[in-house]
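Before any comments, here is the structure.
The values are calculated or read from the model by the stated rules, or taken from the named source; none is laboratory data. What you are looking at is a predicted structure, and each value in this text was computed from that prediction instead of being measured. Positions of Cβ are backbone-derived with ideal geometry, glycine not excepted, and every protein chain shown enters the neighbour counts.
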Amino acid sequence: MLTHAGGAVSARPDFQPTESTLEVLQSMVRDALSHADADLFLSSRGAVSDLHGLVESACGRAFSKDDASAREVVHRLLHDLYGLHLCKPRSGLTGNQYSIELLRARRAIEKAWIQWEVSRLGVVPAEIQPEEIGQAIKTLWREHAGYNHTVFDFMKSDATRPQIIKYFTTDYALNMRFYDLIVLSLVGIDEDVRMEVAHNFWDEMGQGNQARTHVRLYRDLLEYLGIEDTPDQFVDALGWEGLSGYNLLLYFAFNRREYFRSIGALAITELSDPEQYAKLLAGCRRVGIGTDRPSVLDYYSEHVEVDALHGDGWIDNVIVPVLKRYPGEARAVLEGAIMRLNSSKAYWDWQLAEMKSMPSPPKTLLAAVG
Ligand SMILES: [Fe+2]
Ligand SMILES: [Fe+2]
């Protein structure tokens, strides 16, 4: 139902956005998405300009006024709009993948958000030659405030079993989407870099072993822990920090002009996983996760091993050859790396706060897992 959208909330310049306007925006997009033809649905209710006015005011709150609730709403919208391009084939799919109005809304959100990300870049190293890019990326990574984030030390040494399980549910969205990200990273790329990306893809696919695909390994862990596979609920539980980390990699992958930022961001993902996951694995064993069946932790132990190779492989066999061809794009590669570092830090800060806000288990339970 969209009874509230037909002009009752208008985008007049004097219009003061409130909490409820965020809710109106959310339900307007959800209603449009559930209709077979979102454009027809919006135009027949005279809601097109309302939609764009609401998006504009929500983005203003999110990225100019530092309003976290608005940031969460626009990132959730972006997440759902990206979902139009990623959903599984099934009967009854709508034609909304290329809805003009929804694409306009998506563009407006992306533009406001990326301007905000650019404003947080800080100093980007200049005049970096292709051969120096690996060192430049690793220096940015090691000197970033998110390096060696305390959320992983917390899980290694202090977190309870439920707190670590919470981490698994917040990590779900991006982990389960990584296959698609790698597939998108294969589209339209230069022939000489295809093999490295294909290696990444093949590792995602368990090197041909169905039981070892990364998606399967993650599901094995969830099943072992008795966590029901409820993707929508996991996404509902994310703050803007988790949503924006997910959206950042998809935004890069979906926009051809962002290819150079995309390869910088993916390098950071590969570089940072091994050390962090090693701490997470130590934490799991400390609280008894997988001690009776070590294979349930293979999603993480596999990434400790393969990502140690992927990080340098990505730099040497993708970024360096690409930059030798397009030397003027070194800055974009580094920008992508910094954006990924910034969004990861925000996400880990949020995860740590979420874990620490969980109620402490009764002492008897602690003794049982200690
Ligand atoms: Fe993976
Ligand atoms: Fe990897």
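Comparison of I182, I165 shows that the only residue that is more than 16 Å from ligand 2 (Cβ to nearest atom) and either assigned by TED's automatic domain parsing to the domain that holds D236 or not in a helix (DSSP H, G or I) (or both) is I165. Only residues that are of a type in the set (D, E) and part of a helix (DSSP H, G or I): list them for the stretch 149-162, please. Passing the criteria: only D153. Might you check whether a residue that is away from ligand 2 (no atom under 15 Å from the Cβ) and in the same structural domain as P162 (by TED's automatic domain parsing) occurs anywhere in the stretch 197-207? There is no residue in the stretch 197-207 that is away from ligand 2 (no atom under 15 Å from the Cβ) and in the same structural domain as P162 (by TED's automatic domain parsing). Identify all residues within the stretch 168-179 that are among the hydroxyl-bearing types (S, T, Y) and either more than 12 Å from ligand 2 (Cβ to nearest atom) or touching a strand residue (DSSP E or B) at 6+ places or on another chain (Cβ under 9 Å) (or both); write none if there are none. T169, T170, Y172, listed by residue number. Among helices (runs of 4 or more DSSP H) entirely within the stretch 35-92, having at least 3 residues that are of a type outside the set (S, T, N, Q), assigned by TED's automatic domain parsing to the domain that holds E110 and surrounded by fewer than 18 Cβ atoms within 10 Å (Cβ to Cβ) singles out 48-63, 68-83. As a summary of the residue check, G134 satisfies the conditions (1) away from ligand 1 (no atom under 16 Å from the Cβ); (2) modelled with pLDDT under 95; (3) crowded, with 16+ Cβ neighbours inside 10 Å except for the one numbered (2).
Residues checked against (1) more than 15 Å from ligand 1 (Cβ to nearest atom); (2) over 30 Å from Q26 (Cβ atoms); (3) modelled with pLDDT of 95 or more; (4) charged (D, E, K, R):
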residue: E241; (1), (2), (3), (4): yes, no, yes, yes
residue: L250; (1), (2), (3), (4): yes, no, yes, no
residue: P274; (1), (2), (3), (4): no, yes, no, no
residue: V296; (1), (2), (3), (4): yes, yes, yes, no
residue: V304; (1), (2), (3), (4): no, yes, no, no
residue: D307; (1), (2), (3), (4): no, yes, no, yes
residue: H310; (1), (2), (3), (4): no, yes, no, no
residue: D316; (1), (2), (3), (4): yes, yes, yes, yes
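Would the stretch 233-254 turn up any residue that is out of contact with any strand residue (DSSP E or B) (no Cβ under 7 Å at 6 or more places or on another chain), of a type in the set (V, I, T), crowded, with 23+ Cβ neighbours inside 10 Å and in the same structural domain as R331 (by TED's automatic domain parsing)? The answer is no; no qualifying residue exists. For the stretch 95-102, does any single residue satisfy the condition of being assigned to a loop (DSSP other than H, G, I, E, B), assigned by TED's automatic domain parsing to the domain that holds S344, at pLDDT 95 or above and surrounded by 14 or more Cβ atoms within 10 Å (Cβ to Cβ)? Within the stretch 95-102 (the criterion being assigned to a loop (DSSP other than H, G, I, E, B), assigned by TED's automatic domain parsing to the domain that holds S344, at pLDDT 95 or above and surrounded by 14 or more Cβ atoms within 10 Å (Cβ to Cβ)), the answer is no, since none of the residues qualifies.
For (1) touching a Lys or Arg at 6+ places or on another chain (Cβ under 6 Å); (2) closer than 20 Å to P321 by Cβ; (3) more than 16 Å from ligand 1 (Cβ to nearest atom), each residue gets a yes or a no:
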| position | (1), (2), (3) |
| --- | --- |
| E127 | no, yes, yes |
| F152 | yes, no, yes |
| A159 | no, no, yes |
| P162 | no, no, yes |
| K166 | no, no, yes |
| V193 | no, yes, yes |
| A211 | no, no, no |
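Out of D349, D316, one residue alone is out of contact with any helix residue (DSSP H, G or I) (no Cβ under 6 Å at 6 or more places or on another chain), under 21 Å from N247 (Cα atoms) and in contact (Cβ under 8 Å) with a residue 24 or more places away in the chain. It is D349. Close Cβ contacts (under 7 Å, 6 or more residues apart or on different chains) running from residues in the stretch 296-309 that are more than 18 Å from N209 (Cα to Cα) to residues that are within 11 Å of ligand 1 (Cβ to nearest atom) and hydroxyl-bearing (S, T, Y) comprise V304/Y277.
A count restricted to the stretch 75-101 and to residues that are within 13 Å of N247 (Cβ to Cβ), of a type outside the set (D, E, K, R) and without any contact (Cβ under 8 Å) to a residue 60 or more places away in the chain stands at 3.
Among the residues of the stretch 206-256, the one identified as among the aliphatic types (A, V, I, L, M) and without any contact (Cβ under 8 Å) to a residue 24 or more places away in the chain is A211.
The rows are residues; the columns are (1) out of contact with any Gly (no Cβ under 8 Å at 6 or more places or on another chain); (2) within 13 Å of ligand 2 (Cβ to nearest atom).
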position: F260; (1), (2): no, no
position: G264; (1), (2): no, no
position: A267; (1), (2): no, yes
position: P274; (1), (2): no, yes
position: K279; (1), (2): yes, no
position: G283; (1), (2): yes, no
position: H310; (1), (2): yes, yes
